[in-house]
Amino acid sequence: MCGRYSLTSPEEAMRQLFDLPTASTAAWVTPRFNIAPSQTAPVLRHTEIGAGPEPTTMIWGLIPSWSQEQTGGQINARSETAAEKPSFRDAYRRRRCLIPADGFYEWQKIDGGKQPYWISRTDGATFVFAGLWENWTGGTSEASPRFTILTTTASEALRPIHHRMPVILGRQDFTAWLDPNQTPRTELFAPEQAPRMQVRPVSHRVNSPRNDDAACLESARIKPAPIKPAQGSLF
């Protein structure tokens, strides 16, 4: 799964990644070190053909448009079943989105508790989760855009920490993923499609969603048992 992530990339790097005009990202590039469910985060969604992706913000935690209950929402959707599951199938067909990040967190069970890890690209670059979104109204006239992150089976090297990981899209797939007239290619969900990643144990400060500062990324003072990358792994 993916329950926390970070986005600290400079504004210019974000504009270049998505080929956006100047000032289009200014409202949502404040560094975020610990984005948590139910919080508002940057998202890009489909606009008219030729207009390019639209940067906006949404609440993390998708609630189906037909639901009358305001819950925390579903923060993850399994890529293997999203096309058929009632909560996600309409969004999967018509409302897909891009979710920028520069790292995500997972927790490994160890003696005495859990150790958080920060997982990022080896080159430090921004990457993109595949997401779905819905406009939830709860029977009112006011829409509340909400998103979820698609997940897939974890790579062999990441499995000692967690059995799932986010679906990470390559830049060449952004346009097709956003286009509601195209059916997503399921091969995009393979963990082997992700860029080369690295894993680093970090501070337990990230455990609390109230903490959103650079200290969340500090290396753990007590390093747990080493994780040995599998031969040929992306991590």
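Just so you know, all these numbers are worked out from the coordinates, no wet-lab data involved. The structure presented is a predicted model; accordingly, all values stated were derived computationally and were not measured. As a convention, Cβ positions derive from the backbone with ideal geometry for all residues, glycine included, and neighbour counts pool all protein chains shown.
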Checklist entry - Counting DSSP beta bridges in the chain, what percent are antiparallel, to the nearest 5? => result 90 percent
Checklist entry - Using the C-alpha atoms of the stretch 124-213, what convex hull volume per residue, in cubic angstrom, is computed? => result 172 Å³
Next on the checklist: Given Cβ point charges of +1 (Lys, Arg) and -1 (Asp, Glu) and nothing else, what value in debye, to the nearest 20, does the dipole of the stretch 5-217 about its Cα centre take?
Outcome noted: 400 debye
Checklist entry - In nanometres, what is the gap between the two model label sites at Thr30 and Glu84, each 7 Å from Cα along Cα-to-Cβ? => result 4.3 nm
Item to check | Sum of -39500 (n - 2.57) over DSSP H runs of 4+, divided by residues of the chain (222 nm, nearest 500) | outcome: -2000 deg cm²/dmol
Checklist entry - For the pair Gln193 and Gln70, how long in nm is the line joining their label points, each one 7 Å along Cα→Cβ? => result 3.6 nm
Item to check | Cα pair distances exceeding 27 angstrom across the stretch 5-217, given as percent | outcome: 29 percent
